[in-house]
Amino acid sequence: MGIWDAITELVEAAAPWSTADAEAPAQAPEETKAEEPEEEEEEEEEEEPVDPKETFEEECKNSKECAPAKHHYDECVERVTNAEANGGTKEDCVEEFFHLVHCATQCAAPKLWAALK
Amino acid sequence: MLARSCLRSARAFSGLRNGAVHVSKRAASSSSSGANAESPLRLNIAAAAATAVAASSIAWYYHLYGPTADAATPAEEGLHPTKYPWVHQQWFKTFDHQALRRGFQVYREVCASCHSLSRVPYRALVGTILTLDEAKALAEENEYDSEPNEQGEIEKRPGKLSDYLPDPYKNEEAARFANNGALPPDLSLIVKGRHGGCDYIFSLLTGYPDEPPAGAQVGAGLNFNPYFPGTGIAMARVLYDGLVDYEDGTPATTSQMAKDVTEFLNWAAEPEMDDRKRMGMKVLVATSVLFALSVWVKRYKWAWLKSRKIVYDPPKTPNTPPRL
């Protein structure tokens, strides 16, 4: 955050007029009633929202940044599934998965926070 | 021998300056003569040895204590959550109370059927999450034990603001029975009670992969979640896109709901945070005013000392006697 944010908030905190009330604000009933039906129609039209987290992380997994982790994970999955088909193995890909997920979430975190409310 | 003693006595007589010259001459001649010369290598041996000892002691230390042994495999430890840039965790930011409102809605509609929030009374919600009327109405939806009447019977009464949020189960056994033996922990202090805090809760809620990685062992009745230590958690994924309908029209994606409910749980764990930061700000304001004041006072107190002038006024003509 910038120094200016800090100053404005300092002023806001010190100012006696910045208060919040527990009482519900007096509503303007006509306006909200007029708007309501429209909003509902819009909501019905809306499709299932798409989770930005998955989109960003998928992008990140396929980015250059996470290429080594993805490579190791894919290789491990291939090796383990082959071994399982040929009679079983004790190996699992949990660690490789960790590294891949760590890389993807790390890369997606700032984008995700910019997208979420 | 004789010459030497003569020299010495001469030096003794000739005063300090000559002696010093003489000594320096001797030193120069002895180092340049070949017989008992100290080679640069020999002179440096002590320094080199000390350096080697220092370096090897560091090496020895790291040999002894450097490598750490982990008692748990990474899977047992769980994936460490990524740090997210939570706004409410910044020094001069408060909780986003709109987010708290959404988070409380998620808690009530999703989590409350399994998790209690037993340290939060309705009155705490007033002004932070709900309005007074909303909180009262919510409290009245639930029944609580009243004081015993004259016959000693305990009747039910509608909830009041001073009541606490109701538990989903009567007791721990009932909770375990309903959840395959696993106990859904109380969420009041969960953000403080887990390493990684908000990041952990958010990652846990959103981190369920579509299917566990190849070869991973998932116990019966458990679900794979990389963030949960051991990776097998009894709680299945609960948040799905579009699960709740936010009153403010925010798209209810999985990560949005997880973010909101996590911020809400952070509020539940430290409801005093906003006030604490406000208090901190007041302290900063007061101390900066006091500091400024003290600087001015110091200037004032020191003014006479700083501005004084000490003057030595020598007599202009020293030979003339002072006029009386």
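The values are calculated or read from the model by the stated rules, or taken from the named source; none is laboratory data. Note that the structure is a prediction, hence the values are computed from the model and not measured. For neighbour counting, all protein chains shown are included, and Cβ atoms are generated from backbone atoms with ideal geometry for every residue, glycine included. In case anyone asks, the SASA skips ligands and DNA or RNA and just uses the protein heavy atoms, side chains included. Shrake-Rupley method; radii C 1.70, N 1.55, O 1.52, S 1.80 Å.
Structure notes:
- Any hit, region B:66-77, residues being acidic (Asp, Glu), within 60 Å of the chain's Cα centre (by Cα), at pLDDT 90 or above and open to solvent by 90 Å² or more (accessible area, probe 1.4 Å): yes
- Taken together, A:Lys53, A:Lys61, A:Lys117, A:Lys111 contain a single residue that is of a type in the set (D, E, K, R), touching a helix residue (DSSP H, G or I) at 6+ places or on another chain (Cβ under 7 Å), open to solvent by 60 Å² or more (accessible area, probe 1.4 Å) and touching a residue at least 40 places away in the same chain (Cβ under 8 Å), which is A:Lys111.
- Only a single item in (1) under 25 Å from the mean Cα position of the chain (by Cα); (2) open to solvent by 50 Å² or more (accessible area, probe 1.4 Å); (3) away from every other protein chain (no Cβ under 14 Å) is not met by B:Ala268, and it is number (2).
- Here region A:85-106 is the region considered, the condition is being in a helix (DSSP H, G or I), open to solvent by 60 Å² or more (accessible area, probe 1.4 Å) and facing chain B (nearest Cβ under 7 Å), and the residue that is farthest from B:Phe228 (Cα to Cα) is A:Gln106.
- Listed conditions (1) within 11 Å of chain A (Cβ to nearest Cβ); (2) over 23 Å from B:Ile201 (Cα atoms) are all met by B:His97, apart from (2).
- Residue, farthest from B:Ala220 (Cα to Cα), within region B:146-177, restricted to residues that are small (Gly, Ala, Ser) and loosely packed, with under 15 Cβ neighbours inside 10 Å: B:Gly152
- Scope region B:225-282; condition basic (Lys, Arg) and not in a loop (DSSP other than H, G, I, E, B); matching residues: B:Lys259, B:Arg276, B:Lys277, B:Arg278, B:Lys282
- The listed residues are B:Leu187, B:Leu161, B:Leu222, and the only one of them that is touching a helix residue (DSSP H, G or I) at 6+ places or on another chain (Cβ under 7 Å), more than 12 Å from every other protein chain (Cβ to nearest Cβ) and among the aliphatic types (A, V, I, L, M) turns out to be B:Leu187.
- Selection within region B:66-82 - over 19 Å from B:Gly230 (Cβ atoms) and within 8 Å of another protein chain (Cβ to nearest Cβ): B:Thr82
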